[in-house]
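Below you'll find the structure, written out as structure tokens, and then a few comments.
Here, each number is a calculation from the coordinates, and none is a lab measurement. Being a predicted model, the structure only gives us computed values, none of them experimental. A quick note on method: Cβ atoms are made from the backbone with ideal geometry, for glycine too, and the neighbour counts reach across all protein chains shown.
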Amino acid sequence: MSAIQYEKNADNIVILTLDSPNQSANTMNADFRVALEDIVSKLQADAEISGIILRSAKKTFFAGGDLDELIQAEPDHATTFFNMIEEMKAKLRYIETRGIPVVAALNGTALGGGWELALGCHHRIALNDAKAKFGLPEVTLGLLPGGGGVVRMVRLLGLQNAFPFLMEGKQFGVDKAKSLGLIHDTAENEQELLDKAIAWVKANPISQQPFDVKDYKIPGGDPKTPAVAQMLAIAPAMLRDKTKGCYPAPEAIMAAAVEGAQVDVDTALTIESRYFTYLATGQISKNMIGTFWHGLNAIKSGASRPKNITKWKATKVAVLGAGMMGAGIAYVTASKGIQVVLKDVTLENAEKGKAYSQKLLDKKVSQGRLTAEKREQILALITATASAEDLKGCDLIIEAVFENPELKAKVTQEAESYLVNDGIMASNTSTLPITELAKASKDDSHFIGLHFFSPVDKMQLVEIIKGKNTSAETLAKAYDYVQQIGKTPIVVNDSRGFFTSRVFGTFVQEGLRLLAEGVHPAKIEMAALKAGMPVGPLAIQDEVSLSLSEHVANETRKALQAEGKELPRSGADDVIETMIHQFQRKGKAAGAGFYDYPENGKKHLWEGLSHWKKDTEMSEQEMIDRFLFVQSLDTLRCLEEGVLESVVDANVGSIFGIGFAPWTGGALQFLNQYGLEKALIRANTLEVKYGARFKAPQLLIDQARTGEKIA
């Protein structure tokens, strides 16, 4: 079956129905390209055609490029790849420039290549569907819109207005598309959609794109226009400040847009194809597609969920502790229509926790993103209480109290008697071993860790931690709940710090070690940003609070001593101790840490950090390598030790949980893309210079020997 069905009606209007075989969505794959060639041959052979309508037989209009194909594009294939893209675009350009009306009948979402197909039409009509999304999100996968999206968006919107949609991948709905003039009309059902498309074709027998009309001017002006030239003089510097040079896609998009705006449409399309080929055959797009597309889709489909266990839905969830974490968990749970009991030691505390949801919902209402009625419905689902009796009938209870084993044991024992049969008890701990916490439970097979990240409403990841005796049924229920509230679950086995807290700690400590070694603090922070981390280690340590880090280190030391083990002190420990006890600087919440926080000004590094100044010279690349390798090697140790069970969970968890450089595709993909032999040599060098934390795990040695990737 062809991916494009050809039908000509009595009015000589050709209706092209997109229906990719063996796929639930239409994509620009080999089937599509073959079908397009066949369709264009038919169109060229028929001089009687009065118009063309593009529609879809799928639930959505068109999903975009075939990422399974794109991830295989190698530098050696660049010429072949470029020619393939150019040939496909030439066929679409033939349809666009034939002189007869071309209409896109959009029955749903059109993203990436799908939106590019729509932009290649003269008139766009969409179903009036609030769920439909349009846009060009390619940049989020390290690519650019290579099917004409850069060229057409710039010509329709102007450079400045097109940039956010191209360089940030901003998606938009029907109303926004109409206000931008990108959607011309709407319909209430598919029949009306087709009827309106046919009517427009009949009413406009001669048609072309506005930008193909002689003397067409790009809105706002071309790059030579003074106002645009002024904007473009600073835009590259602003972009580099944002990307820190880690992401070639936004820079390629800006270049393709600006260069393309100075030439004719066909030359602009070729410029776009060249930049697209450069990105698609490069390594960074492969890293990002592998994790942000294939990895996330594997998790969504339940890759780490126990098989053959019936899907489960939580109906009543209790959250113990109404502090920042507990309040956040209550909010995201109620937002998905689940009844929540938010319990604290006093009703006043519980009400304060509920007020957090009120604040977030009020903001959404004021922004027009939520109705007042919906806000009241969500708030009505949260019961603030100090009474354990209100926990009756819960099928999931999550304790989110202070990181103290005795306190956690006490609230667990008090609460779990109210659980329904087969209900589960979870701990939102970031470091305490789940197997130990589960000892307080009357049935440790129903006990699990659910590690949320702060702020809960914004952070996408939840780390699910299996205790030694956690049952498969409990794990499946926890996985289902995390997906029910719209979060991304990864699954890890129990150990101190689990995966995310443990590896995150190595990044922060490396920054503190560099400070102790005498490296200028500003250079440390900048090297971390240039590595691709979202925030520098000193800034993040301030956010976490130095006091908390000291507390966790002391508790870990005690626990290890009880097991007959030692946690050696490092320069990082000395820095924290000095900051707290000598300088009384405990972090952002205390108003003073590695940074000063002036009341009406921007935070800045504290001058007193010169205490560690030794004028140590170290290259920026050396620091970048230290940051990335210390985390990647420890992630590999987590896999080797069985803390992590899958490479997908490692890569997704490292980016969404600890902010590991997204351009790499994750902590383990960083080693793969670096080249395992080269990574082994670099790890050995770093170990000799800086110590055992850079020692290559046996798994790296083995994989480097075989030449196989870590998978």
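Below are the figures for this structure:
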read-out	value
For region 4-281, share of DSSP beta bridges that run antiparallel, in % to the nearest 5	25 percent
Rounded to 10°, Cα long-axis angle of helix 78-97 versus longest principal axis of the chain	50 degrees
Antiparallel bridges, percent of DSSP beta bridges restricted to region 316-496 (to nearest 5)	15 percent
Cross-link pairs beyond the 27 Å C-alpha cut-off, checked among K300/K354; K530/K588; K170/K311	K300/K354; K170/K311
Inter-label distance for N12 and L567, nm, one decimal - labels placed 7 Å from Cα along Cα-to-Cβ	8.1 nm
Within the chain, percent of DSSP bridges classed antiparallel, to nearest 5	25 percent
Other-chain or far-sequence residues with amide H under 5 Å of K586's (modelled H)	A592
Above-threshold pairs, the threshold being 21 Å between Cα atoms, out of K244/K678; K244/K458; K8/K59; K286/K678	K244/K678; K244/K458; K8/K59
Calculated diffusion of region 4-281, Stokes-Einstein form, Kirkwood radius summed over Cα pairs, 20 °C and 1.002 mPa s, µm²/s	113 µm²/s
Label-point separation in nm, Q367 to Q262, each point 7 Å along Cα→Cβ	3.8 nm
Using alpha-carbon coordinates, inclination of helix 546-562 to the longest axis of the chain, degrees	60 degrees
Positive dipole terminus of the chain, leading residue within S357, C638, G666 (C-beta point charges)	S357
Integer Hz, Karplus 6.51/-1.76/1.60 couplings in order for region 518-524, x for Gly and Pro	x, 6, 4, x, 5, 5, 5
Entries in K242/K602; K359/K442; K523/K695 that, when Cα-Cα distance is taken, lie over 27 Å	K359/K442
Ranked V535, V492, V508, criterion: other C-beta atoms within 10 Å, fewest first	V535, V508, V492
Ranked list, fewest to most other Cβ atoms within 10 Å of each Cβ, for I397, I4, I424	I4, I397, I424
